[in-house]
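These notes concern the structure reproduced below.
Readers should treat all values here as calculations from the given coordinates under stated rules, not as data from a laboratory. Worth saying up front: this structure is predicted, and the values here are computed from it rather than measured. A quick note on method: Cβ atoms are made from the backbone with ideal geometry, for glycine too, and the neighbour counts reach across all protein chains shown.
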Amino acid sequence: MTITLGHYLILAVFLFTVGIIGALTRKSAIIVFLSIELMLNAANVVFMAMGRYFGQLDGAVFVLFILAVSAAEAAVGVAIVVAFIRRRGTTDIDAANLMKW
Amino acid sequence: MMAAVVFFAVAFLAFLGALALVFHRHPMVAGLGMALSTLSIGVLYVLLRVPFLGLFQAIIYAGAVMVIVLYIVMALGQEETGPRVGSVQTGLTYVAAALLLLQFYWAIVRSGAGPFPEGSALPPVTAGGTNYAFGTIQAFGSLLVSHYSVPFEVASLLLVGAMVGAVILSRRSWS
């Protein structure tokens, strides 16, 4: 059995869907953040598989940029979570209701 | 054949880690599931003939990012919260996720995405006027400093900005 592009795309779709469910249903801010990282990873898999399929390395370059963006996101996101825990004493995102109308 | 076995094993591990992240109650198990998932995706990059990005994935994601997050979980967040159940938002989320899955599955199966090119069908990559074999770090580096030099500099600016932002956010007087 040969592994085709479709196998990689379907794996990426499954990972992306699980990430969406996590980002929209979990209460802990850390888990929501990690679910968004999981969706970024699913997009990375699509970039890499498509680049391999078309024989271009541009997809791999974009994966490197996404890695840089998600590392920056991790630094800022963790700083926000720490500041939030200091203020509210919880990571529950329902407690972030200051700007709720 | 061997590649197929490795692919299915690694894909299963990646999916298992993602499920552990989203559905396990304990934040530590969730974080370790995410680490398993990112490591497995790094193995997929090796299978896709770009092995050094698999290493980057292991070092940056499963290393740096996951260590920061697991440190926060250990230091601060010990509360165990599972997924929300029974609210309208949860129901809508599952319906939307199922629709998304079906739609993409249908599109991918119908697109007839075939096997990957091998050997002579995989052309060399041209970067900066020179031809390189696909997936070598020479090709990647040449592409990065020739065609993608401006985005590369923007990425470094972004990292500096994020570093300064993280320092400002974690000032003691901010709380």
Label-point separation, B:Leu92 to B:Val167 (7 Å along Cα→Cβ), nm | 4.2
Charge dipole of the protein assembly as shown about the Cα centre (unit charges at C-beta), most positive-ward option of B:Gln103, B:Phe23, B:Ala155 = B:Phe23
Could you go through segment A:80-91 in sequence order and give the Karplus-derived ³J(HN,Hα) for each residue, using 6.51 cos²θ - 1.76 cosθ + 1.60 with θ = phi - 60°, rounded to whole Hz, and x for Gly and Pro?
-> 5, 4, 5, 4, 5, 5, 4, 7, 10, x, 8, 9
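Reported to two decimal places, what Rg/Rh ratio describes segment B:125-175 when computed on Cα atoms with Rh from the Kirkwood expression?
1.33
Counting only helical runs of four or more DSSP H residues, what would the 222 nm mean residue ellipticity of chain B come to if each run contributes -39,500 (n - 2.57) and the total is spread over all its residues?
On the way: 7 runs with 114 residues, N = 175.
Result for chain B, helices only: -21500 deg cm²/dmol.
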In nm, spacing of pseudo-spin labels at B:Tyr71 and B:Ala133 (7 Å Cα→C-beta vector) | 3.9
Phi-based couplings in Hz for segment B:24-41 (Karplus 6.51, -1.76, 1.60; Gly and Pro marked x) | 7, 6, 7, x, 5, 4, 4, x, 5, x, 5, 5, 4, 5, 5, 4, 5, 5
Size of charge dipole - the protein assembly as shown - debye, nearest 20, with Cβ of Lys, Arg +1 and Asp, Glu -1, no other charges = 560
Under the 7 Å Cα-to-Cβ spin-label approximation, B:Ala121 and B:Thr81 lie apart by a distance in nanometres of 5.0
For chain B, which span is the longest to avoid every loop-located (per DSSP) member of trypsin sites (Lys or Arg not before Pro) having at most 12 other Cβ atoms inside 10 Å?
-> B:26-170
The rounded separation in angstrom of the Cα centers of segment B:85-140 and segment B:53-74 is 23
Chain lengthening between B:Leu55 and B:Ser156 when straightened (0.36 nm per residue, less Cα-Cα) | 34.4 nm
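Rounded to the nearest 500, what is chain A's calculated 222 nm mean residue ellipticity when only DSSP H runs of at least 4 contribute -39500 (n - 2.57) each, over all residues?
On the way: 3 runs with 78 residues, N = 101.
When only DSSP H runs of four or more count, the value is -27500 deg cm²/dmol.
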So what are the ³J(HN,Hα) numbers for segment B:52-63, from phi and the Karplus equation (6.51, -1.76, 1.60; θ = phi - 60°), rounded to whole Hz, Gly and Pro as x?
-> 5, 5, x, 5, 4, 4, 5, 6, 7, 6, 5, x
Mind listing the long-range amide H neighbours of B:Ala127? Cut-off is under 5 Å, sequence gap 5 or more, other chains count too, H placed in the peptide plane at 1.01 Å from N.
-> B:Tyr132
